[in-house]
Amino acid sequence: MNTFTESEERQELRKAVAKLAGKYGGDWFAQKARAGEKTTELWLEIGKNGYLGINIPEEYGGGGGGIGDIAAVCEELATAGCPLLLMVVSPAICGTIISKYGTDEQKQRWLPGICDGTSTMAFAITEPDAGTNTHNITTTARKDGDGWVLNGRKIYISGVDEADNVLVVARAEDARTGKVKPVLFVVPTDAAGFEAQPIPMEIVSPELQFSVFLDDVRLPADALVGDEDGGLAQLFTGLNPERIMASAFATGMARHALGKATAYAKERTVFKGPIGSHQAIAHPLAQAHIEIEMARLMTQKAAALYDAGDEFGAGEAANMAKYAAGEAACHAADVAVQTHGGNGITQEYGVAGLLVAARTTRIAPVSREMILNFVAMHSLGLPKSY
């Protein structure tokens, strides 16, 4: 990013992705979701065109770009009405961690499939009793000969039914200190002792959520990604990209909602002219646009800092971007429904479902409250509240 303008290459990437996604669109995406079908056709076409692994090194089938590039792809898909949640997970979180900490053999084994879309990887960190407190996860990894044995439970894990593998965050005991430490394992979804159960959700999405059970899942030594003593640094390598991608996902969704509302406000006539000529309609739309653009700018800043190697700066900006994008998405969805009036709560106009979808961006992958805690403590220097 140069000053406040994305590079010409990034802008061309956005146009190309928007054109591709436009062949499918929001109606197609919603029909797939309501029918309980997957969006595999779109996923594979994104991969075929090189967009899915654009942030992964070229030698493993990727585009050699940065997190800002994959975030742009995610945003444009969502803007076109095709918000693919697994883009946040497979190429951005898993792809980034494996690219940085995986062995050459692990990179060769897993990254090409992530890039072309033929082998999706899910990410499992959240647990029922830990919530947003990652330090309290209880899924354990125990050494057994040359391998490992995993036991525990994860919840709200996206797309397990579409994944060949899951990157699982567990805890191992440090033999020197006796303390537990986070470790990362790639677990095949067909491994013995691995079970996933779908969670009924109100959100309309082709990508499902699962509870995952790990019951004496035995893994070879090379299932471990990174150094077993690497600690939180390895885990956080994937969490800043997660927040940046979540921000792009939310701003894309917000742009989609605002686009539908603006188009409706230009066409719908109740009194003498289009309803968009009335300030009661126009001002909320204008406010939503301002909020979206501010969130997009912070997201681009976070991505630029991350790609430049500024981990702390990126962490602060990524959290702020995630907060701003979630708020913008919720407001844009609400304004879209209100602009449509009664039509806003019908399936035909395709905006009511955005209310629930947008609301999740305030919660996942990190809640707005935890972001406010982060900013209060790290940005403002206030005492820790938890």
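Its relative contact order, with pairs defined as Cα atoms under 8 Å and 6+ residues apart, puts the stretch 8-118 at 33 percent. Estimated purely from DSSP H runs of n ≥ 4, each contributing -39500 (n - 2.57), the mean residue ellipticity at 222 nm for the chain is -15000 deg cm²/dmol once divided by its residues. Taking every Cα-Cα distance in the stretch 93-134 and sorting them into 10 Å bins starting at zero, the pair-distance distribution P(r) comes out as 26, 42, 23, 9 percent.
Take the chain and mark each of the GluC sites (Glu not before Pro) that is in a DSSP loop with at most 11 other Cβ atoms within 10 Å; the longest unmarked stretch, sites excluded, is 38-201. One compactness figure for the chain is 0.99, namely its Cα radius of gyration divided by 2.2 N^0.38 Å. Computed on the Cα trace of the stretch 123-225, the radius of gyration divided by the Kirkwood hydrodynamic radius gives Rg/Rh = 0.98. Remark on the stretch 8-118: hydrodynamic radius 14.0 angstrom, per the Kirkwood mean of 1/r across alpha carbon pairs. Equivalent ellipsoid of the stretch 284-340: semi-axes from √(5λ) of the C-alpha gyration tensor, largest first, are 28, 9, 6 Å.
Sorting 27, 69 by the number of Cβ atoms found within 10 Å of their own Cβ, with the fewest placed first, yields 27, 69. Computed over the stretch 232-379, relative contact order equals 31 percent, with contacts defined as Cα pairs under 8 Å that lie 6+ residues apart. Springs join every pair of Cα atoms under 10 Å in this Gaussian network model of the chain, and among 269, 96, 361 the largest mean-square fluctuation is at 269.
Based on C-alpha pairs under 8 angstrom that are at least 6 apart in sequence, the chain has a relative contact order of 15 percent.
What the Cα atoms of the stretch 232-379 give is an Rg and a Dmax of 17.1, 61 Å. What trypsin sites (Lys or Arg not before Pro) in the stretch 332-386 are in a loop by DSSP, with at most 12 other Cβ atoms within 10 Å of the Cβ? Passing sites in the stretch 332-386 are 384.
Every number in this text was worked out from the coordinates using simple rules, so none of it is lab data. These figures come from a predicted structure and were not determined experimentally. Note that we place each Cβ from the backbone using ideal geometry, even for glycine, and neighbour counts take in every protein chain shown.
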